[in-house]
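Trainee: Pasting a structure below so you can have a look.
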Amino acid sequence: MFKDVQEFMPGEASSTKHYRAIFISDLHLGTPGCQAEALLDFLKSHTCDTLYLVGDIIDGWQLRRKWYWPQAHNDVVQKLLRKARKGCRVVYVPGNHDEFARDFLDHSFGGVEVVEHAVHVTATGKKMWVIHGDYFDGVIQFAKWLAYLGDTLYELALKANRHLNYMRGRLGLPYWSLSAYLKLKVKKAVNFISDFEVAVARETRKLGYDGVICGHIHHAEIREIEGVLYCNDGDWVESLTTLVEHHDGRLEILSFDPHSDFKQLPKTTALVTV
């Protein structure tokens, strides 16, 4: 069952946290919107037995239009490879923005396993289907040109975010995401998220899994849909969220404030025992 939201205050804890599994997606390395420095701080202070990269890790769409690859993005890749070398199992499920990696399914690179989808068995024996989720997006499947257009408009919204929050910071105001606000306020966007979640949950149930862990829509969530546990780990562009499994099988979404001290523990936004 769900527990109340908890917040960890500055200075509460600074030691490394270890989990049974960590799920991250939608890093969009190769774009100005990627919060690479924050992600690096998270990866340094949070370790796990198995790390799932749930798609859109590298943004091939953006890199084809314009090359952008600062040192911090290279550091993230090196950090992920280092985790694999040190014994962490790293499983990479490509998404639509890094679909080039689907040409290398069932291969291993630097200890990173590339698979079309994965099945994660929780500590309590629940089978969770791990997918990116773009196969359930009709725009991606049937009108790719429209998806590219939407991606361009989304990038413009993120650029507006950066300018807006620069000014807000000068005025002493907290971070606020224009793109996230529009996503949750525009009726068609809200309906799309709901339809996506239901479609994924129904396919998960049809395949006989207990739950699903995905990304793609940049909206972190843990909830039950028609008897299926739906989990979305969010993104590292806007919400800076991660899904983790504790050693007793609890699933939790962790969220960072992009203007806080990233070396502290993040806020707990949802917690469920499966």
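Trainee: Is it the case that some residue within the range 121-144 is at pLDDT below 60, of a type in the set (Lys, Arg) and surrounded by 18 or more Cβ atoms within 10 Å (Cβ to Cβ)?
Mentor: Looking through the range 121-144, none of the residues is at pLDDT below 60, of a type in the set (Lys, Arg) and surrounded by 18 or more Cβ atoms within 10 Å (Cβ to Cβ).
Trainee: Quick check on the range 45-100: of everything there that is among the polar types (S, T, N, Q) and farther than 18 Å from LEU243 by Cα, which residue is farthest from the chain's Cα centre (by Cα)?
Mentor: Out of the qualifying residues, it is GLN71.
Trainee: Which of the numbered conditions does PRO10 fail, given that it passes all the others? Conditions: (1) modelled with pLDDT of 95 or more; (2) over 27 Å from TYR135 (Cα atoms).
Mentor: PRO10 satisfies all of (1) modelled with pLDDT of 95 or more; (2) over 27 Å from TYR135 (Cα atoms) except (1).
Trainee: List every residue pair whose Cβ atoms lie under 9 Å apart, where the two residues are 6 or more positions apart in sequence or sit on different chains, the first residue falls within the range 207-229 and is of a type in the set (Phe, Trp, Tyr), and the second residue, located anywhere, is at pLDDT 95 or above.
Mentor: Final answer for the pair search is TYR209/VAL119; TYR209/LYS126; TYR209/LYS127; TYR209/MET128; TYR209/TRP129; TYR209/VAL228.
Trainee: Out of the range 24-56, which residues are of a type in the set (A, V, I, L, M) and in contact with a strand residue (DSSP E or B) (Cβ under 6 Å, 6 or more places away or on another chain)?
Mentor: Once the filter is applied, which keeps residues that are of a type in the set (A, V, I, L, M) and in contact with a strand residue (DSSP E or B) (Cβ under 6 Å, 6 or more places away or on another chain), the range 24-56 yields ILE24, LEU29, LEU51, LEU53, VAL54.
Trainee: Does the range 50-79 hold any residues that are modelled with pLDDT under 95 and basic (Lys, Arg), and which are they?
Mentor: Matches in the range 50-79: ARG64, ARG65, LYS66.
Trainee: I'm told GLU221 meets every condition in (1) under 19 Å from the mean Cα position of the chain (by Cα); (2) under 21 Å from TYR92 (Cβ atoms) except one. Can you identify the failing condition by its number?
Mentor: Failing condition for GLU221: (2).
Trainee: Taking the condition of being out of contact with any Ser or Thr (no Cβ under 7 Å at 6 or more places or on another chain) and under 25 Å from GLN62 (Cα atoms), how many residues in the range 82-94 meet it?
Mentor: 4
The values are calculated or read from the model by the stated rules, or taken from the named source; none is laboratory data. What you see is a predicted model; the values in this text were computed from it and never measured. Neighbour counts run over all protein chains shown; Cβ positions are idealised from the backbone, glycine included.
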